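Let me begin by presenting the structure, written as structure tokens, before commenting on it.
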Amino acid sequence: MVNLGDIFPNFTANSTEGVIKLHSHLGDSWGILFSHPADYTPVCTTELGRVAKLAPEFEKRNIKMMAISCDSVEDHHGWIKDIQAYNNLSGNFPYPIIADPDRDLAVTLGMIDPDEKTASGMPLTCRAVFVIGPDKKLKLSILYPATTGRNFDEVLRVIDSLQLTATQKVATPADWKTGGKCMVVPSISPADAKTMFPQHQVHQVPSGKEYLRTTPQP
Ligand code: BEZ
């Protein structure tokens, strides 16, 4: 199990693009690793296609994409053909799919879903999303059950927030999207807020506490 702020395990694994040693593969980039219960499954087929279509959006954000599924590289290569056919994609598949047939990574990363097993009783992974920063620390983890496909617009929205708040002393409010108003973080004093965010607004509330401070996105 990896917690937010932990250095993400520097695993070595086989993939559809050869052996990946995570930290050197990422270099100075951000990374996203999303897991799948198994190859040749319907929801996963839609997810991998959606991510392939969004590849330019991830590249724009300097994010290296990786998928992982509990099957072999050989199975992954066969499945990619189905993913491309079903999702009207052609050409090179834009990101590697990591193989984890023995569930080594699934166990290390805490991704086993107790409710999902293969017909022969082998455990399957849930749908995990891990975002790793250029410092190799875990910045985000989201777990979905196998029966619920992910919303990758939401994943991109969260990445925008992570990348903004990595360098600016702001937090992003509910349903924020790039360009929307941000909140000045509570640790910034009123005096510093004035100089750091000259356009910020303090919202008056019944408690009289001046903690609701909005600012245009820096
Ligand atoms: C799917 O990807 O469709 C799926 C995989 C495992 C359990 C349920 C659905």
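Every read-out reported here was derived from the displayed coordinates using simple, explicitly stated rules and does not represent laboratory data. This one's a predicted model, so the numbers in the text were calculated from it and none came from an experiment. Cβ placement follows ideal geometry from the backbone for every residue including glycine, while neighbour counts extend to all protein chains displayed.
Worth pointing out:
- Across the cross-link table entries K21/K117; K21/K64; K60/K136, which are compared at the Cα atoms, the separations over 22 Å belong to K21/K117.
- For the pair T195 and L212, the difference between a 0.36 nm per residue extended length and the Cα-Cα distance amounts to 4.4 nm.
- In order along the range 103-119, the Karplus-derived 3J(HN,Hα) couplings, from 6.51 cos²θ - 1.76 cosθ + 1.60 at θ = phi - 60°, round to 6, 4, 6, 4, 6, 4, 8, x, 9, 5, 9, x, 8, 10, 9, 6, 4 Hz, and Gly and Pro are given as x.
- Between Y40 and R103, the FRET efficiency from the beta-carbon distance, with R0 = 22 Å, is close to 0.80.
- Stretch gain in nm, segment Q204-K81, where the contour uses 0.36 nm per residue and the Cα spacing is subtracted: 38.6 nm
- Simple spin-label estimate for V185 and D6 gives 2.2 nm between the two label positions (7 Å along the Cα-to-Cβ direction from each Cα).
- The range 9-56 and the range 78-155 have Cα centres spaced 7 Å apart.
- Extension gain from I142 to K60, taking 0.36 nm per residue of separation minus the Cα-Cα distance: 27.3 nm
- Mean sequence separation of contacting Cα pairs (under 8 Å, at least six apart), scaled by the length of the chain, corresponds to a relative contact order of 20 percent.
- In Hz, Karplus ³J(HN,Hα) per residue of the range 143-155 (6.51, -1.76, 1.60; θ = phi - 60°; x = Gly, Pro): 10, 10, x, 4, 7, 10, x, 7, 9, 7, 5, 5, 4
- Note on E74/A166: beta-carbon distance plugged into 1/(1 + (r/R0)^6) with R0 of 30 Å gives a FRET efficiency of 0.20.
- Cross-link reach is defined here as a Cα-Cα straight distance under 21 Å, omitting same-chain residues fewer than 8 places apart; for K209 the lysines meeting it are K169, K181, K194.
- Under Karplus coefficients 6.51, -1.76 and 1.60, residue-wise ³J(HN,Hα) of the range 187-200 in Hz, glycine/proline x: 6, 8, 5, x, 5, 5, 4, 4, 7, 6, 10, x, 9, 6
- Here r is the Cβ-Cβ distance between N92 and I112 and R0 is 35 Å; the resulting FRET efficiency, rounded to 0.05, is 0.65.
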